[in-house]
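Comments concern the structure below.
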Amino acid sequence: MLLFDTSACVPIRLENQSPYVRLAAQDLARDLARASKGGISPRLIDKEEPWCIVIEKNDPRIEDPIEDESFRILVRGQKIRICAPTYLGTMWGIYTVSKKFLGIDPCYLFHDLPLEKKERSEIEDTEIFESGSDFGFRGAFINDEDLLTGWRDGGGRRYMDYPWYGTTVSPDAMDAVVETLLRLRINLVIPASFLDIDNPPEKMLADCVARRGIYVSQHHLEPLGLSHFTLENYCKRYKKVGEYSYLHSKELLEEAWRYYAEKWSQYENVVWQLGLRGKADRPVWEEAIPSERELCSYGSFISEATERQRQIVLEKTGGRARHFTSTLWMEGSSLMEKGYLTVSDDVCLVFSDNGPNQMFGNEYLGTKRREGGRYGIYYHLQYFNIGPHLAPQTGIEKIRYNITKAYNEGDRAYCILNVSNIREFTLELSAAAGMLWSVKSEKDYIASYCKRAYGGHAKEAETLIGRYFDLSPVLPTELLCNVHAKYFNYNYKEKAEGIKNFVLKDGLILSFGGEIVDSFHERLENSFYEKIYEQLLIAEQGYARLCEDFEAFIGGLDIARAQHARATFALYAKTLESFYLWYVRLYEAKIAHDKNEGEKAKEKLLFACAALQNYLEIRKCAEYGIFKNWYREETKLNVKERLSATRALLAGITAD
C-alpha cells in the first residue's frame, strides 16, 4: 500500500466520533506530512474511498475505556483499517501506525534527532493485533518539574508558601508532555507536584491531560485534590479558619474535600486519590517517632479519613466514580503490613518503592493481599532530593526487575512512574512504558534507541551507554541507615543479580556534599562521608575516561547526531563526573582544614568550585533551538547555589 509520494498522501476517513480519537488522528496527519519530503498533509474525507486509512467506531456498550485497550490494524490492498473496542485502543492503534509505518519516535518532542524523510513510502499487506496490556492503569507523575516549569514562557502564577512552585508549566510545554505520554500508551497522568484546580493556570494542566482522553489523578499528598497548601488557599479565598488536620479541623477538611471533589468531578475520567498526609508530604505525625500503640491509633485515624473521602467522592459524582487509589508511601505500607490501615474493597492499594534506592522494602512481600483486592505500584524513575534528577541513573534492568516483581505478585491494576521533567528520562520512560504494556517483552531498549539515534554508529553508542550505567558507584548496604531510614523499611538482604541496590546518584552527592559545606568548620563524626568519598574517588576517574571516549565518539558523527549525543548521555556522564569530582575535592578540603592545612584546603576548594563551574558551562550544550532556557529554573538540586556556598568557604580559611 502506498502511504505517500511527492505528489499525494493517503487520505483519512474518520468514522470514530470521539474527540480524543480526532486529536490523535490529527497527530497522524501531521506525522504523515513530517515523514514525507513532499510535506503533503492527508485529506480528511467524509466517506470511505478505495485508497484511505479508515479509523472505525468503538463499541458503545463499553462504558469504561480502561476495560479493553486492545486494537487491530489491518493493511489490505490500498486500505488501512484501525479498529478497537474503546477509544484508548483506537489511539494506541493510530500511534502504532505512526511508529511502525512512519518511523516516528514516540519521544520525538523531547529528542532533537531529525526524522529521516522519504520521497515515497509503501507498506505490504499485514495485520497487527494487540490484546491489551499487562498493567491496567499505566501512569506518569510530573513531579519536581523545575526544568519544565522554566523551559517556556506562559506558565501562570501559583499561590503557595513552598519553594520551587511559584509558576506552572506553560500550556504548550504541557501539551508536548501529554502527546509524548500518549505515544507511549500511558493512560493516566498526575499533572503536577501540586494542583489547585480552583486556580485557572493550575486547572489548565489538568485540562491538557483530560482533553486528550487520558485519566487524570492527584498526587498522594492531595487526596481529592486538597493538599495542605490548597487548603490554605481555600481558607483565604472563602474566609475560613482552621488547619490541615483531620483531628483538629475535621469539619473544615470535609467541607473542603466536598468542594474539591465537585471541582474534579467535571472530568470524565478521574482516578481518585485517597489518604491522609502531613504538610510537604510528611507523615501525619511530622518528625516524631511514634510508638507501636500510637501507630495503631494513626492507622485507625487515617482509615476513617480515607473512607470519609471515598463517601464524599461518591456523593459528589452521583455514584459515577469507579476508580480509587491509596498510595502506601513512606509509613503507609508499614501501617498496612501491621494491619493498622484498612480501606474499602474497591480501593486499589499502591505500594511504593523506597525512593532513595528505588527498590521495594521488606513490607512489600510481607503485606497480605486481600482476596479479590486490587493492587499496584508507584515507581521512581526520578526522586528528589536524593536523585536521580539531572541525569538518568536507574537503569533498564533495575526497572525490569521491579516491574516484573509487581507483575509476579499480581499487583497489576495500576503503576505510576515518577518522571519529573521527561527529557532526561525518555529512554527509561520508554522502556518502563513498554514493560507495563507487555512485561515479558525481551526488547533491548538501549540497542533499539541507539539504532534509531545513531544508525551505523549504534554499537559504539550502545557500549558507551552501557558503561555509563555500569560505572555507577554503590553505597554499601550497611550505610543505608544514613539515608532517610526513619521513613523507609529497606530490604537489606535483597541481592538481585545485576541490580545495583543503592546507587550514589546526583542528588545524594549534592545533598551530602552540602552537609559537608554546612559543617565545614566543625568535626565530621560520621564515617559515612568518608565511605562516599572512597566510592567516588574511583567512580570519578571512570567517568572522566568515559567523557573522553564520548568526545571521541561524537567526533565521528554528523552535526545532528553529534548534537544529540552531546546533549544526552555525554552530558549525563559529564554531570556525574563533575558532581563526583566536586564531592571528592570538597571532602579533601575538609580533611586538610581539620589538619590546619589552610593552603591545601583552599587549593582543594578551588578545584571543587571549578568542577561545578565547568558543569554549568558544559550543560549549555543542551540549551539550543526548542530547548532554549531548559535550565533556566534548575532550582531543585540548585547547582548554582551549591557553587556559591562552596566558594563562600574560601573566605573563612586561614592560611598555614
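Computed from the coordinates by the stated procedures, all read-outs in this text should not be read as laboratory data. The structure presented is a predicted model; accordingly, all values stated were derived computationally and were not measured. Positions of Cβ are generated from backbone atoms using ideal geometry, with glycine treated the same way; all protein chains shown enter the neighbour counts.
Structural remarks
- Normalised by the number of residues in the chain, the average gap of Cα pairs under 8 Å and 6 or more apart makes the relative contact order 11 percent.
- Charge dipole (the range 2-130, unit charges on Cβ, about Cα centre) - positive-most of Ser98, Gln26, Pro50: Pro50
- The magnitude of the dipole of the range 137-443, with charges of +1 and -1 set on the Cβ of Lys/Arg and Asp/Glu and taken from the Cα centre, is near 720 debye.
- Under 5 Å, built H, 5+ apart or other chain: amide partners of Arg138: Asn187, Leu188, Cys415
- Net length gained if the chain between Ala485 and Ala610 were fully extended (0.36 nm per residue, minus Cα distance): 41.7 nm
- Most positive-pole-ward Cα, Phe528, Gly652, Leu612, against dipole of the range 516-656 from beta carbon charges: Leu612
- Positive dipole terminus of the chain, leading residue within Ser472, Ala589, Ser448 (C-beta point charges): Ser448
- Annotation: peptides 403-413, 190-200, ranked by per-residue average of other Cβ atoms within 10 Å with the highest first, follow the order 190-200, 403-413.
- Cβ crowding within 10 Å averaged over residues, with 418-429, 209-220 ranked highest first: 418-429, 209-220
- Fraction of beta bridges assigned by DSSP in the chain that are antiparallel (%, nearest 5): 30
- Note on the range 2-130: with charges restricted to the Cβ of Lys and Arg (+1) and Asp and Glu (-1), its dipole about the Cα centre is near 520 debye.
- Descending principal axes extents, the chain, alpha-carbon based, whole Å: 87, 66, 47
- Summed residue charge, Cβ within 10 Å of Leu181's Cβ, Lys/Arg positive, Asp/Glu negative: +3
- Sparse-neighbour loop sites [GluC sites (Glu not before Pro); the range 354-401; at most 10 other C-beta within 10 Å; DSSP]: Glu371
- Theoretical ellipticity at 222 nm over the chain - DSSP helices of four or more residues, -39500 (n - 2.57) apiece, nearest 500: -14000 deg cm²/dmol
- Restricting the range 435-465 to GluC sites (Glu not before Pro) in coil, as DSSP defines it, with at most 11 other Cβ within 10 Å: Glu442
- Across the range 46-176, the relative contact order, built from alpha-carbon pairs under 8 Å that are at least six residues apart, equals 20 percent.
- Share of Cα-Cα pairs in the range 130-220 lying beyond 23 Å, as whole percent: 21
- Calculated FRET efficiency for the pair Ser438/Asp345, C-beta based, R₀ 30 Å, to 0.05: 0.55
- Pair-distance profile P(r), taking every C-alpha pair of the range 340-414, with 5 angstrom steps and integer %: 3, 14, 25, 23, 16, 11, 6, 2, 0
- Dipole magnitude for the chain: about 1000 debye, using +1 per Lys or Arg Cβ and -1 per Asp or Glu Cβ, origin at the Cα centre.
- Proportion of all alpha-carbon pairs of the range 477-568 beyond 22 Å (%): 50
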